[in-house]
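Contents: one structure, followed by commentary.
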Amino acid sequence: MSVFELYCYCVSTLSVVLNGILLLISSHKSIEAIQELRYFLSNVAVAGGCFSICLLLLQPQMVSRGSMTIRVPHGPAQYFSETFVKMTASLSIVFYLYGTLSYPLFFIYRSMILSNSTTYGQYFNRRNLLATFVIIFVFCCLEGACLYYSNVSYENNSN
């Protein structure tokens, strides 16, 4: 096992454990005033944990040659089929984007609550929060599907 693989295993495992702790903490009952914060933290923790598991499976390394960029999987995914590697890479992008887009959503939501804006409050309130998360997840899945179908085959297909 190389130093790179050992580093990837340690960091990804630590990330999965810390996201699990965050999910456990955010799932316990708390005061009503910060219930939305619990929703946001739970979404970010699940997305971060799934992203870390995907990275644990892939352990990608990027190699550049001129204008080409080659990603080499070093993790356990290298022993599976090309479809599995592509699917895992696409899922990692979906969870990364979902977690990244959930952070600013919380700040936008809190700024609208604090400003008591009636103009935007009708579009973005507690009732619409789940629908907003679903819309963000659908956009992230579309991006993951685009990545999955845009990958170039790395297996030798010459006859």
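Numbers below:
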| item | result |
| --- | --- |
| Single residue of region 68-88 satisfying the filter (of a type in the set (A, V, I, L, M, F, W, C) and touching a strand residue (DSSP E or B) at 6+ places or on another chain (Cβ under 6 Å)) that is nearest to residue 141 (Cα to Cα) | 85 |
| Flag for residue 111 being closer than 24 Å to residue 139 by Cα, modelled with pLDDT of 85 or more and surrounded by 11 or more Cβ atoms within 10 Å (Cβ to Cβ) | no |
| Residue match in region 65-77 (condition: surrounded by 19 or more Cβ atoms within 10 Å (Cβ to Cβ) and in contact with a Gly (Cβ under 9 Å, 6 or more places away or on another chain)) | no |
| Qualifying residues in region 94-108 (those that are hydrophobic (A, V, I, L, M, F, W, C) and at pLDDT below 90) - the one nearest to residue 141 (Cα to Cα) | 101 |
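The values are calculated or read from the model by the stated rules, or taken from the named source; none is laboratory data. Computed from a prediction, not measured in an experiment: that's the story for all the values here. Here the Cβ is made from the backbone with ideal geometry for all residues, glycine too, and neighbour counts use every protein chain on show.
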